[in-house]
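Please treat every number below as a calculation from the coordinates, not as lab data. Just so we're clear, the structure is a prediction, and the values are computed from it rather than from any experiment. Cβ: placed from backbone, ideal geometry, glycine included. Neighbour counts: every protein chain shown.
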Amino acid sequence: MKRTFDTEEKIIVENNRISKDGVEWVINPYDEYAIEEGIKLREEFGGEVTVACIGPSEAEKELRTALAMGADKAILVEVDEDELQGDEHTTAQLLASLLKDRPFDIILAGNVSVDNGAGQVAPRVAELLDIPQVTTITHLTVDADQNKATVERDVEGDVEIVEISLPALFTAQQGLNEPRYPSLPGIMKAKKKPLESIQLGDLKLEQQDLAAKTEVVEVFLPPEKKAGRILEGELEDQVKELAHLLHSEAKVI
Amino acid sequence: MFIHLTEEQELIRKTVREFAEKEIAPVSEKLWEEQQFPYEIWAKAGELGLIGLPYPEKYNGGGGDWLSFVIVLEELARIDCAVANALMANSSAASLINHYGTEEQKEKYLKPILTGEKIGAIGLTEPNAGSDAAAIQTSAVLDGSEWVINGSKIFISNSDNEITGPVVIAAVTGTKENGRSEISNFIIPNGIEGFSYGRKLNKIGWRASSTGELFFDQVRVPQENLLGQRGAGLRQTLSTISTGRILIAAMGLGILQGSLDRSMAYMEERKAFGKPLTDLQALRFKVSDMATHTHAARLMIYHAASLRDAGKPFDKESSMAKLFATEKAMEAAHQAIQIHGGFGIMSEYAVSRAFGDAKVLEIVEGTSEIQREIISRLLFQ
């Protein structure tokens, strides 16, 4: 689970970075589908749902929300994002090292985070753990006896059906389910559920494993959309002007 | 005194706000138009644990505090006061049964109204007895092992509803030595013989709330349906009414916040004389007042609820909170329509629907005049 800006937040760029001042945070909406699916699986098959997050200590709030929805346990790997200077590779290394010694049948994650939108972390984790993965799933059926799953995945507007053996990792696409509201008794019980806090040093990773593989060169907002222009005059002249503008101003032809 | 919400209370607010905006707001106008009770929303509110929040877990409640319940009602009323009132009136019945009911009564009547399966109502008001509750005329006479009830009640929230569970009513059971009526409370199951409803009451506010007129014609209930002690009826009702006032105040706060939010959003988007309404000082000042009143009402209500949770006296604070929040809600609803101009008059706009809702708040659970009377009595006592 990742903690992201509320989707309605305004993005402000200051000193080549996105300002986090006074921002409202939420569970990454795609991760919410993953949490809901995990809880549904537990309701059907039993077992336990653990929500893991790499983030600052404040992310405890979002983890408590996941516990209030119905997850059983939470793990927070506390990192100072400014100090770590990592990227998707870093997060994947941290998660894989956290998960590798813990038993699991299924790992669920969001398809992308709504902030960086890279969609890199979960697939990398699956590779590092050497387990099969299916991304952007919209339906999941588990056959516990055969230890396999049948999933539907979204492939650019079409549906692909995949059969896969477990354990496996899946990333959730919109449409997988309708995440529940945390119930009020659930909210009150969440405080008593275990939330394990792990420091970076506890994971025994070398600095070189964590170093970012990418570099942010510049951060900027998309150019503001200008008002449209309506061409006037004879049709032939309008077409000529349009072609000219597309070539010289918009530079698309 | 410092009011600080816990992380849980903040999360409760966020959850209920999302619930109200996603589940209630889209159907609010239809419910208003058709004066329809929102059965589906009631059931969902039960699933989410909103309805029984401050009641014991043993009886399907949430074991939560009253401040959290205030936040629930505030957030519901911000979107639709009628839905909030369903919880509020249900809670009045639940309070009485929870405080004075026997184990059997709680099992049978309290449990289903805390989950959303049924809905509870409380019947005190009569055509000729409102704030002067001691003047009620409905009577209950013991005949063998049964009470025989005759009379009528009016303006009873949550009655005349498909899922009305028990209606807790007050009836005269005799005359005291000082010549006054001896009043006792009874639990009346819905739909028993001789218990009927009058015509549908049309209202200017709380339109989606079911408000009934009750008739009792030789209604027979077993002796064990008496709630608590014989003759303790008014005392029982009065002991829970201060809590009810905090809840009505919370609904006023919801209207205040809703009026403020809607007015600000409209002023930012609407242009007049070539500039946004936010440039007009006459309107900016209205919003300043609304925001100030909202803030003050919130502090008063949360304080009263905190006193209640701490087991300290809160009668004066709850009357003050009720008086202030509901009168300021009326003012805010009025000004929000003014800011919206012609659109504000259309029932399609939530500000228009909140106007009637706010008016109801100044009347129920003790009118503004009654609150002033109570406050002055407590000041001069």
Could you list, in their original order, any pairs among A:Lys100/A:Lys193; B:Lys58/B:Lys106; A:Lys191/B:Lys14; B:Lys22/B:Lys111 whose Cα atoms are separated by more than 21 Å?
A:Lys100/A:Lys193; B:Lys22/B:Lys111
Defining a contact as two alpha carbons under 8 Å apart and six or more residues distant in sequence, what relative contact order in percent does region A:1-131 show?
28 percent
Relative to the longest principal axis of chain B, what angle (0 to 90°, nearest 10) does the C-alpha long axis of helix B:368-380 take?
80 degrees
Specify which residue in the list B:Leu280, B:Phe314, B:His4 is farthest towards the positive end of the charge dipole of chain B, using unit charges on the beta carbon of Lys, Arg (+1) and Asp, Glu (-1), about the Cα centre.
B:Leu280
Helix B:7-19: angle to the longest alpha-carbon principal axis of chain B, degrees 0 to 90, nearest 10?
80 degrees
Check the straight Cα-Cα distances from A:Lys240 and name the aspartates and glutamates below 20 Å, setting aside those fewer than 8 residues away within the same chain.
A:Glu232, A:Glu249
Once you sort the root eigenvalues of the Cα gyration tensor of region B:154-253 as a ≥ b ≥ c, which label holds: rounded (a/c under 1.5), prolate (a/b larger than b/c) or oblate (the other case)?
oblate
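How about region A:88-174: which trypsin sites (Lys or Arg not before Pro) there are in a DSSP loop, with at most 14 other Cβ atoms within 10 Å of their Cβ? Mind showing how you got there, number by number?
On the way: sites: A:Lys100, A:Arg124, A:Lys148, A:Arg153; in loops: A:Lys100.
When the trypsin sites (Lys or Arg not before Pro) of region A:88-174 are filtered for loop state and at most 14 Cβ neighbours within 10 Å, A:Lys100 remain.
Relative to the Cα centre, what is the charge dipole magnitude of chain A, using +1 at the beta carbon of each Lys and Arg, -1 at the beta carbon of each Asp and Glu, and rounding to the nearest 20 debye? It would help to have the intermediate numbers written out before the result.
Details: 27 positive and 51 negative charges, 164 e Å.
It works out to roughly 780 debye.
Got a sec? How would A:Phe220, A:Phe104, B:Phe155 order by Cβ neighbour count within 10 Å, fewest to most? Display every interim value, and only then the final one.
On the way: A:Phe220 7, A:Phe104 17, B:Phe155 20.
Lowest to highest Cβ neighbour count: A:Phe220, A:Phe104, B:Phe155.
Is the shape of region A:1-102 rounded, prolate or oblate, going by the alpha carbon gyration tensor and its root eigenvalues a ≥ b ≥ c, with a/c under 1.5 for rounded and a/b larger than b/c for prolate?
On the way: a/c = 2.51, a/b = 1.52, b/c = 1.64.
Oblate.
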Hey, if you put +1 on the Cβ of every Lys and Arg and -1 on every Asp and Glu Cβ in the protein assembly as shown, which of A:Tyr181, B:Ile136, A:Val162 ends up farthest toward the positive end of that dipole?
B:Ile136
Would you mind counting up the charge near B:Ala291? Only other residues with Cβ under 12 Å from its Cβ, with Lys and Arg at +1 and Asp and Glu at -1.
+2
Taking region A:136-253 and dividing mean pair separation by its residue count, relative contact order in percent (alpha carbons under 8 Å, at least six apart):
15 percent
Need one value for A:189-200: mean number of C-beta atoms belonging to other chains within 10 Å of its residues' C-beta atoms.
1
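Would you mind giving the mean number of other chain beta-carbons within 10 Å of the Cβ of each residue in B:6-14, as a whole number? Don't skip to the answer; put the middle values down first.
On the way: counts 2, 7, 8, 2, 2, 11, 5, 0, 6.
Other-chain Cβ atoms within 10 Å of each residue's Cβ, averaged: 5.
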In nm, to one decimal, how far is the modelled label at B:Leu379 from the one at A:Glu24, with both set 7 Å along Cα→Cβ?
3.9 nm
Using the alpha-carbon centroid of each, what span in Å lies between region B:284-342 and region A:43-79?
37 Å
Quantify how strongly other chains surround peptide A:174-187 by giving the mean number of their Cβ atoms within 10 Å of each of its Cβ atoms.
5
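Note down the magnitude of the dipole of the protein assembly as shown about its Cα centre, charges +1 on Lys and Arg C-beta and -1 on Asp and Glu C-beta and zero elsewhere, to the nearest 20 debye. List each step's numbers first, then the result.
Values: 66 positive and 99 negative charges, 600 e Å.
Rounded to the nearest 20 debye, it is 2880 debye.
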Hand me the tally of lysine pairs in region A:1-81: alpha carbons under 27 angstrom apart, and the pair either on different chains or 8 or more positions apart.
11
List the longest stretch of chain B that has no exposed loop site; here a site is one of the GluC sites (Glu not before Pro) assigned by DSSP to anything other than H, G, I, E or B, with at most 15 other Cβ within 10 Å.
B:194-347
Using +1 on the beta carbon of Lys and Arg, -1 on that of Asp and Glu, and nothing else charged, what's the dipole of region B:206-269 about the Cα centre, debye to 20?
400 debye
Any idea what angle helix B:350-361 forms with the longest principal axis of chain B, computed on alpha-carbon atoms, 0 to 90 degrees, nearest 10?
40 degrees
Give the Debye-formula value of log10 I(q)/I(0) at each listed q (0.15, 0.18, 0.20 Å⁻¹), with one equal scatterer per alpha carbon of region B:192-306, two decimals each.
-0.93, -1.08, -1.14
In 20 Å bins starting at zero, report the fraction of Cα pairs in the protein assembly as shown per bin as a rounded %.
17, 41, 31, 11, 1, 0
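Add +1 for every Lys or Arg and -1 for every Asp or Glu among the other residues with Cβ under 13 Å from the Cβ of B:Gly205, and state the total.
Values: positive: B:Lys203, B:Arg207, B:Arg353, B:Lys359; negative: B:Asp80, B:Asp357, B:Glu362.
So the surrounding residues net to +1.
Run lengths n ≥ 4 of DSSP H only: what is the helix-derived mean residue ellipticity at 222 nm for the protein assembly as shown, with -39500 (n - 2.57) per run over all residues, to the nearest 500? Before the final figure, lay out the partial values.
On the way: 19 runs with 265 residues, N = 634.
After summing the helix terms and dividing by the residues of the protein assembly as shown, the value is -13500 deg cm²/dmol.
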Could you point to the residue in B:Ile241, B:Ile301, B:Pro222 farthest towards the positive end of region B:193-303's charge dipole, with +1 and -1 charges on the Cβ of Lys/Arg and Asp/Glu respectively?
B:Ile301
Contact order relative to length of region A:25-98, as percent, for alpha carbon pairs under 8 angstrom and 6 or more apart:
30 percent
For chain A, which span is the longest to avoid every loop-located (per DSSP) member of GluC sites (Glu not before Pro) having at most 16 other Cβ atoms inside 10 Å?
A:49-155
